[in-house]
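Read through the structure below, which is laid out as structure tokens, and then see the notes.
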Amino acid sequence: MSTSAGTDSTRDRIVVAATAEFARHGIAGARIERIAKTAKTSKERLYAHFRGKEELYATVVAREMALVAEATRLDVTDLPGYAGRVHDYFTTHPDRLRLMNWGRLELADAPPDPDDPIQATVLHKTEQLREAQKAGHLDPAWDPVDILMFVNQLAMSWAGQTDLLPTDEKRRTSFLTARREAIVTAVQRLFPASTA
């Protein structure tokens, strides 16, 4: 790699600081000054790596999508298991769901971006589901985009409901375990795991 370790470290610190800032304040509410201060760098150094907030947010989202994909691993023959992993990831990291929701809210009226990592992920996963249908793993009567939407919405249903969760840690863990079981059961009934 041609860049120095110091440069990589500065960029990494900026991305980590920006992730927290965007999750907490959204795109419009995020402040470059706070990101730079948290990253222990200057605004000028930040702008040497990123042209502005929008580019920085796009970098953060692309990184987050890669982390989500790695942690949840879509297995087209076991959508109930995938749903359980998505539930686990976002209930453990509700700030990451909040980060993506800010983008949906604030960029809803923006023109379509062909490089949008969320759109790219959706297209890739729907293609995987379409291939699974052709291979006999999933009911071909469903549109693959509906399968993905239903499974993800069920899986993330409790991640955004932190105000409804028990405050006691032990009760919270037990409650989320029961919710996970319900989610996996619901997805199993809709899209049973396949051994075909």
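Computed from the coordinates by the stated procedures, all read-outs in this text should not be read as laboratory data. None of the values given here were measured: they were computed from a predicted structure. Note that we place each Cβ from the backbone using ideal geometry, even for glycine, and neighbour counts take in every protein chain shown.
Label points 7 Å out from Cα along the Cβ direction at Met149 and Arg73: separation in nm?
For the pair Met149/Arg73, the computed spacing is 2.9 nm.
Want the number for Ala120 to Val16: 0.36 nm per residue separation, take away the alpha-carbon distance, what's left?
Here the segment from Ala120 to Val16 would lengthen by 35.2 nm.
Determine the sum of side-chain charges near Ala71: Lys and Arg each +1, Asp and Glu each -1, restricted to other residues whose C-beta is under 9 angstrom from that of Ala71. Spell out each step's value before the answer.
Working: positive: Arg73, Arg85; negative: Glu70, Asp88.
So the surrounding residues net to 0.
Only helical DSSP H runs with n ≥ 4 go in: add -39500 (n - 2.57) per run for the chain, normalise by residue count and round the 222 nm mean residue ellipticity to 500 deg cm²/dmol. Let's see the in-between values first.
Details: 9 runs with 139 residues, N = 196.
Helices in the chain give a 222 nm mean residue ellipticity of -23500 deg cm²/dmol.
Can you tell me the order of 73-79, 16-22 when each peptide is scored by its average per-residue count of other Cβ atoms within 10 angstrom, highest first?
Numbers: 73-79: 18.6, 16-22: 21.4.
Output ranking for 73-79, 16-22: 16-22, 73-79.
Pick the calculated mean projected area of the Cα convex hull in nm² for this structure from (1) 13.8; (2) 41.4; (3) 11.2?
(1)
Collect residues whose amide H, placed 1.01 Å from N in the peptide plane, falls under 5 Å from the amide H of Leu138; neighbours closer than 5 in sequence don't count.
Amide H neighbours of Leu138, under 5 Å, 5+ apart: Gln133.
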